[in-house]
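The values are calculated or read from the model by the stated rules, or taken from the named source; none is laboratory data. All of these numbers come straight from a predicted model, not from anything done at the bench. Virtual Cβ from ideal backbone geometry, glycine too; neighbours counted across all protein chains shown.
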Amino acid sequence: MCLSGLVIAILFCYPSRKTMLANHCLVRISPVISKVFEYCFIQKFGDYLYTDSKQFGFKKGMGWNHAINTVRCVTEQLTKGGNTVNLRAID
């Protein structure tokens, strides 16, 4: 069985000991609950969040399709000039 979802580490002791793994509890949130959490978080704290113009996540009206399109356009522009492009992605 494959379990998908977002894993969050919650610190449950004093902040001075936050580097010790034993002081964290790992919680898995399903994709649906994760989206609900994201929506509620943005509604509550969205006015206080500032991001760079090159960041795509957690922005109203921006998503993975904008990021993919930007990567595609930059890659095409660089390869037109005869350059080699190496891509790596971390999600």
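Remarks
- Leading residue by the ranking (nearest to residue 7 (Cα to Cα)) among those in segment 59-91 that are assigned to a loop (DSSP other than H, G, I, E, B) and polar (S, T, N, Q): 86
- Residue 10 being modelled with pLDDT under 80, outside any helix (DSSP H, G or I) and of a type in the set (A, V, I, L, M, F, W, C): yes
- Condition broken by residue 56, with the remaining ones in (1) at pLDDT 75 or above; (2) not in a strand (DSSP E or B) satisfied: (1)
- Hits in segment 28-38 (condition: more than 14 Å from the chain's Cα centre (by Cα) and not basic (Lys, Arg)): 29, 30, 32, 33, 36
- Among the numbered conditions (1) exposed (fewer than 10 other Cβ atoms within 10 Å of the Cβ); (2) of a type outside the set (Val, Ile, Thr); (3) at pLDDT 70 or above, the only one that residue 39 does not meet is (1).
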